[in-house]
1. Amide H to amide H under 5 Å from S237: which residues, 5+ apart in sequence or cross-chain, H placed 1.01 Å off N in plane?
2. Could you sort out which of K212/K254; K95/K182; K189/K262; K62/K272; K62/K239; K240/K279 sit more than 32 Å apart by Cα distance in this structure?
3. Using label points projected 7 Å from each Cα along Cα→Cβ, tell me how many nm separate E233 and K254, to one decimal.
4. For the pair E174 and D125, how long in nm is the line joining their label points, each one 7 Å along Cα→Cβ?
5. How long are the semi-axes of the ellipsoid equivalent to the stretch 185-307, from square roots of 5 times the Cα gyration tensor eigenvalues, in whole Å, largest first?
6. Using θ = phi - 60° and the Karplus form 6.51 cos²θ - 1.76 cosθ + 1.60, what ³J(HN,Hα) does each residue of the stretch 108-122 get, whole Hz, x for Gly and Pro?
7. Return the long-range amide H neighbours of V120 (sequence gap of 5 or more, or a different chain), with a cut-off of under 5 Å between placed amide H atoms.
8. Which is farthest toward the positive dipole end of the stretch 207-289 among L283, T219, T245, measuring Cα position about the Cα centre, with Cβ charges +1 (Lys, Arg) and -1 (Asp, Glu)?
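Derivation of every value follows stated rules applied to the coordinates shown; laboratory data play no part. Here the structure is a predicted model, which means the values were calculated and not measured. Backbone-built Cβ (ideal geometry, glycine too); neighbour counts: all protein chains shown.
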Amino acid sequence: MKTQESLAETKGIVEIFRTLDKECKDCSPVSPLECIDNCNVWKLRNELRHLCEAMENPNFMKDLLNVLKNETRQAILHAISKNRHSVVRLQQELKKAGYLHSQETLVEEYLRPLRNVGLVAESEDQFYTTAFGGRLTELIGNIPEFTKILPAHSECHEESILKALTGGARTFEEIRGIVPSKIVSRILKRLRSVGLIETSEERDYIFFFRSKRDPVKETLSDTEKKAYNNIPESGVSAKKLSLKTGLSLRRTYKYVRGLKGKKLVFARKNPKNYSLSEKGERLAWLLNELDKIVEETVTFSEEFARHKDNS
């Protein structure tokens, strides 16, 4: 029979349950005690009960992300995803990797939070990753910078913005609808500082466009004509118009004001857009995959509840 850990590495959670449940139906234990001690379905059901209780917390996703954004906890998950460890053995394994913690600290600061969100379970004083924890450990292992870039103990507003930008660039005003307005600027600055988002080179600026008015009806100086003729249909900023005409920025504004007075040019604000960098795209993908696994687990929980009621 395959172990629970090996199944967790290769199958989705729902598939794990169905595979183990089939084995359970074909199993003929000698005694109930043998079933409890050796049955993977029984163990998975216990894991699921605990996970269902944890997921009832409306802040579950935020708690899960904050638990995962920790290098020591990631090291623990990696260690016990391969083999079950007692606290003593786990302390020894972590010491080899440079993590020096007392046994009490390991239990209270690291293992307990992992258990609270259903990533780790304990049996006979040994800790191991649950099916849920095994899938997340494998996923996050592909993007190790996850634990180092995003702030821990946060409200996960950064994560919300990254996931929202998966659908394409957004303006500042659009992002204000995702997270509280008073902290948008601070969060965007933080995301830019760690290279997760990008913006246009210039800040919010004014674009100038030609109007539909016929320039022949107006008397234009040679410089005004030069400025007017260098404004494309798609519009242009004063800085780029200055470069195209060879005029200083001050003189460019002067002649554009004249053209606006003659209603040949109008201005429109072009807001700055925020988009994901290459690194941000990888991290946003990871966050979306985490969401999918959680949603799949919720489905699994509902299926389990129906199965339990009918059994």
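1. HN-HN under 5 Å from S237: F208.
2. Details: K212/K254 21 Å; K95/K182 43 Å; K189/K262 41 Å; K62/K272 29 Å; K62/K239 44 Å; K240/K279 30 Å.
The pairs that break the limit, which is 32 Å between Cα atoms, are K95/K182; K189/K262; K62/K239.
3. 3.3
4. Between E174 and D125, the label points sit 5.7 nm apart.
5. 51, 17, 10
6. In residue order, the calculated couplings are 7, 8, 10, 6, 4, x, 5, 5, 4, 9, x, 8, 10, 10, 10 Hz.
7. R115, T130
8. T219
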